[in-house]
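What follows is one structure encoded as structure tokens, with my remarks underneath.
Bear in mind these aren't lab numbers, they're just calculated from the coordinates by the rules spelled out. Since the structure is predicted, the reported quantities are computational estimates derived from the model, not experimental observations. Backbone-built Cβ (ideal geometry, glycine too); neighbour counts: all protein chains shown.
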Amino acid sequence: MCSNDDAAYDGLLYYLRKAEQMDENQVKRLLDDDLAQYPDFRNSWLAATAVHCLGSRESTPGLRKEHCTAIICYTLKIPNICRMFNLACRSARASETSWRDFRFKSLWCLLIEAFKLLPNFDAVPEELYRGVSAVHNYGELDSARFPHFVSASVSRFQASKFGGRERSLLTLQSVPAEFVRDISMYSIYPHHQEVLIWPLCTFTFRISGCLSDKLFEFRDAAPVRAPPLPAIVGSPEAGIKSDDDGGLSALLARLYLLCLVPGQPTADFTGVTLLGQDTLDDMKMRRRIRLAEAKKEQGNEYYSLKKYDDAIKLYTEAIELDGSNVAYYSNRAACYMMMGDHQAALDDCRQVLLRDPHNSKGLLREAKCHVALGDPQAAGRSLQLLRDLDPQNLALPRELKTVEILKHFLTEGDKAYEAQDYNKVIYCMDRALQQAVSCSKIKVLKAECLALLKRLPEARQIADEIMRADRTNADAMYVRGLCFYYEDNIEKALQHFQQVLRLAPDHPKASVAYKKARLLKSKKDEGNEAFNSGNYQEAFNAYTSALGVDPSNKLANSKLYFNRATVCSKINKLNQTVEDCTTAISLNEDYQKAYLRRAKAYMDLEMYEEAVRDYERIWRKDHTRENKRLLDQAKLELKKSKRKDYYKVLGIPKDATVDDIKKAYRKRALLHHPDRHSSAPEDIKREQEKKFKELGEAYNILSDPKKRMRYDEGRDLDEMDNFSSDANPHVFRTFFEAPGFFSANGGTFQHDNGGFGFPGTFSFQFG
């Protein structure tokens, strides 16, 4: 758009006359020359030709293939010939030299011809839209001109797509049908509802109040053809009559009176009486009303086809043209209800009742919207008004029952929440949502109870759905924070609770949850720091304090119990380690680290059967080489624990030396020798004989380095269990061999070889 560019305007007038002087053959020669000379134009023309070949478009008499291709070429964006063409038009000058240098002469001529051949666009909306990347600054009532053709759209939304990053729009008001052609069937963007506006149009800028939306009102234009002057209008009534058949509007009549035909710089309008401004405004309003009705009828068709988005768009356009008609708001409310946007529907119902308080359909829809939004009290008030207005309305009983059902479940749900019966709350909210389908408050309450029951995926799904529709919903944000809190993601939980308090500083639940989460994190961090510093008792105390913050946070507490169990293992509180690990597992049955820690404690406590059970469970969940090694080791220790413990028989540790083994054997052999208990009862004799025999077996194994190694490794256990058959019968003699008697503890003893490994004539004598 050019601001008062008279030179370009005069130049395009000159180009217009040149085009009108061209015949078909001359235009074809110009086209051949331009295609040969300008590669960008040639590429665009070839692409447009290919698009044209996809379907026949020459349905208008006189319209040739070249005309259709020219329109497609002009709207094609690869390359952007439209921009190049318009730039060249803005450089036009009223001279033969300028015309000769104009690189789009053929396209200009073809577009001029096509425009004249195409029929007027009689259903031109009050406003047309053009997306632009930048707009000049204008002052109120400044003149602005398009010297070139203008492509625009009847759809504001579609035009905004071409508005660059800023989504800038030119809104062109009151462009007469004479200067507009529907080219949607020739455009590569048919769904954009594109139109072509005649060049050499002049507009007046109006303040719009929006920096990115410039408002221009049509003022005049060079005529498409040299029209005859309209008949003299002698009175307002005559002007009104001329518009009754939907022909020229009063605005267009004024334009025809004021337009100057090229070559006729003046005109004599002596005796002509123009219509008064009030009559013109009235006629303009009647035109808007007719157009609004047409929009409504088209919207009704889309509604019947269930194309609610398209219907809403048309009803909105009808409202913009005539905001006093309640039917437009009512119909749009019905569309919003079908799409589930009950808040928008409620707003439209209020507009209906604002204009017509006794509209029964509006009251009924308002009640339904209140129910869908979870407000049975407001719905009841609307239905009471409807009952007063239309007591026999057939929908009343059904809607009143719906309101009572909703009230019942909301009341029961509130009672259950106070009693912390969250399962019942969920049940009541599910029943309520069958009526209040769009109530985010009910959905959030259900989500909160799901979170409190640790059904976190379900709770998060509901909260996320609400947040997608309303990023500022504090209650939904709180539920998301609860989910993170119960997942032991305390950092994320704190962030969400802080955001809730920014949105709603008095949110009581978020305030309590934030303090609790912060205290839990503080105590846990304190325990971690003490543990890493080796202050195990301090760490134990910190973890114990953290466990008292919130017993309901199972996942966080399971980790705290595990941490405390780890501390106990460091200070040799193995039974406490087992107890804390068991509690951690009860809170989180998939806690592998707790199973590993407990299994290790069981091993240290020589509770091998329990250790094997834990390691088997660990191995089933995670088939790693290390887990297999730990399981095998536990099984080995379990098997070893079920045989004779020769170290225990001799009363020595497992790292005892050979001398330790010998000393222990001497001491215990003397203590349990059968002759020492010869006068004891039979059962004691048998017990002492058994112990004496075990001493020999133990010494035989542990005193032999190879046998001891095999024993320690658990190999050949079956053979070792039957060791008595292989025991050295002279073990005792090794220690007590003497030429005569052996003195022990103040006495002598002698014994013949009775099968207990003694030398002949060896005897005990006790004093």
For peptides 617-626, 81-90, sequence by mean Cβ density within 10 Å, most packed first = 81-90, 617-626
task = Could you tell me which GluC sites (Glu not before Pro) in segment 441-478 are loop residues by DSSP with no more than 14 other beta carbons within 10 angstrom of their beta carbon?
result = none
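Hand me the trypsin sites (Lys or Arg not before Pro) from segment 637-676 located in a DSSP loop with no more than 12 other Cβ atoms within 10 Å, in residue order please.
Working: sites: Lys639, Lys640, Lys642, Arg643, Lys644, Lys648, Lys654, Lys662, Lys663, Arg666, Lys667, Arg668, Arg676; in loops: Lys642, Arg643, Lys644, Lys654.
Those satisfying the criteria are Lys642, Lys654.
For Arg643 and Lys554 in one chain, what is 0.36 nm times their gap in residues minus the Cα-Cα distance, to one decimal in nm? Kindly include the intermediate steps, with their values, before the conclusion.
Numbers: separation 89, 0.36 × 89 = 32.04 nm, distance 4.22 nm.
Separation in residues times 0.36 nm, less the Cα-Cα distance, equals 27.8 nm.
Determine the gain in length on full extension of the stretch Lys28-Ser143; use 0.36 nm per residue of separation and subtract their C-alpha separation, reporting nm with one decimal.
On the way: separation 115, 0.36 × 115 = 41.40 nm, distance 3.67 nm.
Stretched fully, the Lys28-Ser143 segment lengthens by 37.7 nm.
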ask   = Alpha carbon centre of segment 441-463 versus segment 354-396: separation in Å?
value = 32 Å
ask   = So how do 215-223, 398-406, 696-704 stack up, highest first, on mean other-Cβ count within 10 Å?
value = 696-704, 215-223, 398-406
query = Efficiency by 1/(1 + (r/R0)^6): what FRET value for Leu605 and Met709, r their Cβ-Cβ distance, R0 = 25 Å, to the nearest 0.05?
reply = 0.45
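Between their Cα atoms, which of Lys663/Lys693; Lys443/Lys559; Lys161/Lys361; Lys600/Lys662; Lys454/Lys521; Lys570/Lys639 are more than 26 Å away from each other? Could the numbers behind the result be given before it?
Values: Lys663/Lys693 17 Å; Lys443/Lys559 31 Å; Lys161/Lys361 38 Å; Lys600/Lys662 33 Å; Lys454/Lys521 20 Å; Lys570/Lys639 28 Å.
Flagged as over cut-off: Lys443/Lys559; Lys161/Lys361; Lys600/Lys662; Lys570/Lys639.
Is the C-alpha gyration tensor of segment 641-689 telling us rounded, prolate or oblate? Criteria: a/c under 1.5 is rounded; beyond that, a/b larger than b/c is prolate, otherwise oblate. Mind dumping the intermediate values first?
On the way: a/c = 4.92, a/b = 1.72, b/c = 2.86.
Oblate.
Could the peptides 485-493, 103-111 be put in order, highest first, of the mean number of other beta-carbon atoms found within 10 Å of their residues?
In decreasing order of mean packing, 485-493, 103-111 become 103-111, 485-493.
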message = How far apart, in nanometres, would the label points at Asp430 and Lys307 be if each is projected 7 angstrom from Cα along the Cα-to-Cβ direction?
response = 4.0 nm
query = What is the distance, in nm, between label points placed 7 Å from the Cα along the Cα-to-Cβ direction at Glu96 and at Arg286?
reply = 5.3 nm
request  = Sketch the reach of a paramagnetic label on Asp464 as a point 7 Å from Cα along Cα-to-Cβ, and name the residues of segment 417-456 whose backbone nitrogen lies under 15 Å away.
outcome  = 456
Anisotropy class of segment 532-619 from Cα gyration tensor, a/c 1.5 cut = oblate
remark   = segment 548-562 scanned against label point 7 Å out from Lys492 along Cα→C-beta; backbone N under 11 Å for none
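Which ordering of Leu172, Leu385 is given by a fewest-first count of other beta-carbon atoms within 10 Å?
Values: Leu172 25, Leu385 17.
The order, fewest Cβ neighbours first, is Leu385, Leu172.
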query = How far, in nm, would the chain grow between Leu46 and Arg355 when pulled straight, counting 0.36 nm per residue and subtracting the alpha carbon separation?
reply = 105.6 nm
